[in-house]
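The values are calculated or read from the model by the stated rules, or taken from the named source; none is laboratory data. From a predicted model like this one, the values you see are computed outputs, not experimental measurements. Note: ideal-geometry Cβ built from the backbone for every residue, glycine included; neighbour counts use all protein chains shown. Ligands, DNA and RNA are stripped out before the accessible areas are found, and what is left, the full protein with its side chains, is counted by its heavy atoms. Shrake-Rupley method; radii C 1.70, N 1.55, O 1.52, S 1.80 Å.
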Amino acid sequence: MPDTLTTVSEHACFGGVQGFYSHTSGSIGLPMRFSVFKPPQAKAGPVPALIYLAGLTCTEETFPIKAGAQRMAAELGLMLVSPDTSPRNTGVPDETRDWDLGAGAGFYMNATQLPWFVHYRMEDSVVNELRRIIVTQFGADVDRLGIFGHSMGGHGALTLALRYPGLFKSLSAFAPICAATQCQWGTKALSHYLGADTSPWQGYDASALIANAASPAYPAGILVDQGLADQFLLAQLKPELLEQACAAGHQPLTLRRHAGFDHGYYFVQTFMEDHLRFHHGQLRTAAH
């Protein structure tokens with residue numbers, strides 16, 4: 001059955017179209033919003049697509065407004081897709097009380113605990129529904145999909161790509177939460193969404209997933225950029241743990257550390273072209 005979309009707005013942008021949409025999500029049971037930039041090349045047929053997952057407190061508008069990605073995506077012929085970061089107006093008590101839990105903080109996982117599990121199913125929303133929608137209704141090439149993200153969204157990109165390596169052909173992140181089981185942001189979300197038993201937590205920890213993999217999921221490499229003036233670097237992000245896991249698991253990783261850059265979108269903007277070119281290079285050679 002075709003997905004029913006509502007067009008919120010569409011805007012001419014660098015020869016393509018930047019659009020904002022909503023659909024009634026079967027996974028979540030509520031309307032979900034997302035954005036799509038269709039490059040001019042999409043007029044001629046399917047194009048490679050990148051799903052971008054944003055961080056805590058963000059929405060589907062954050063990436064298209066703040067990242068400055070459309071000009072280069074139009075040049076390279078890349079579709080850019082960004083979902084909202086959580087369900088909204090779910091009826092969960094106090095879901096807007098904490099900025100790092102609930103609304104704006106879905107962590108791209110399927111909750112299993114009350115009251116969250118009814119609607120907080122961002123993993124299914126992204127991997128199943130959003131992926132299907134952009135292929136069937138926006139002209140994304142199903143064989144050339146990449147994923148990337150920032151902060152909580154970097155965690156989401158890493159974990160979803162590692163949990164479903166056949167679906168995504170390229171992977172990168174900006175200042176990701178690299179070991180969710182070993183930082184306060186991660187343990188707070190994991191304990192509420194998955195419960196007190198810590199064994200399921202390992203499946204949503206990027207460093208643990210790489211350490212436990214039988215073989216490298218991304219032999220062509222993963223790109224991660226991290227600012228050294230990031231206020232969350234030591235307590236929450238822990239890129240050294242990702243680096244150690246990749247080394248132990250023989251997973252190729254390019255981890256670039258940049259002096260003077262903080263956690264915000266000026267950092268993301270600065271290195272966005274590098275990430276788009278990285279994905280373009282890998283998706284260009286992906287099998288059809």
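For every residue, the table says whether it meets (1) in contact with a Pro (Cβ under 9 Å, 6 or more places away or on another chain); (2) surrounded by 21 or more Cβ atoms within 10 Å (Cβ to Cβ); (3) assigned to a loop (DSSP other than H, G, I, E, B).
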{"residue": "LEU242", "(1), (2), (3)": "yes, yes, no"}
{"residue": "ALA245", "(1), (2), (3)": "no, yes, no"}
{"residue": "ALA248", "(1), (2), (3)": "no, no, no"}
{"residue": "THR254", "(1), (2), (3)": "no, no, no"}
{"residue": "GLY260", "(1), (2), (3)": "no, no, yes"}
{"residue": "HIS263", "(1), (2), (3)": "no, yes, yes"}
{"residue": "TYR266", "(1), (2), (3)": "no, no, no"}
{"residue": "PHE271", "(1), (2), (3)": "no, no, no"}
{"residue": "GLY281", "(1), (2), (3)": "no, no, no"}
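Can you pull out the residues in segment 201-226 that are over 20 Å from the mean Cα position of the chain (by Cα) and either part of a helix (DSSP H, G or I) or among the hydrophobic types (A, V, I, L, M, F, W, C) (or both)?
Passing the criteria: ALA211, ASN212, ALA213, ALA214.
Which number in (1) surrounded by fewer than 24 Cβ atoms within 10 Å (Cβ to Cβ); (2) closer than 16 Å to ALA173 by Cα; (3) in contact with a strand residue (DSSP E or B) (Cβ under 6 Å, 6 or more places away or on another chain) marks the one condition that GLU95 misses?
All conditions are met except number (2).
Got at least one residue in segment 142-156 being part of a loop (DSSP other than H, G, I, E, B), open to solvent by less than 50 Å² (accessible area, probe 1.4 Å) and β-branched (Val, Ile, Thr)?
Within segment 142-156, none of the residues are part of a loop (DSSP other than H, G, I, E, B), open to solvent by less than 50 Å² (accessible area, probe 1.4 Å) and β-branched (Val, Ile, Thr).
Return the total of residues in segment 7-58 being in contact with a Lys or Arg (Cβ under 9 Å, 6 or more places away or on another chain), over 30 Å from PHE267 (Cα atoms), open to solvent by 20 Å² or more (accessible area, probe 1.4 Å) and assigned to a strand (DSSP E or B).
1
If you check ARG277 against the conditions, is it in a strand (DSSP E or B), in contact with a helix residue (DSSP H, G or I) (Cβ under 9 Å, 6 or more places away or on another chain) and either among the basic types (Lys, Arg) or surrounded by fewer than 16 Cβ atoms within 10 Å (Cβ to Cβ) (or both)?
No: the conditions fail for ARG277.
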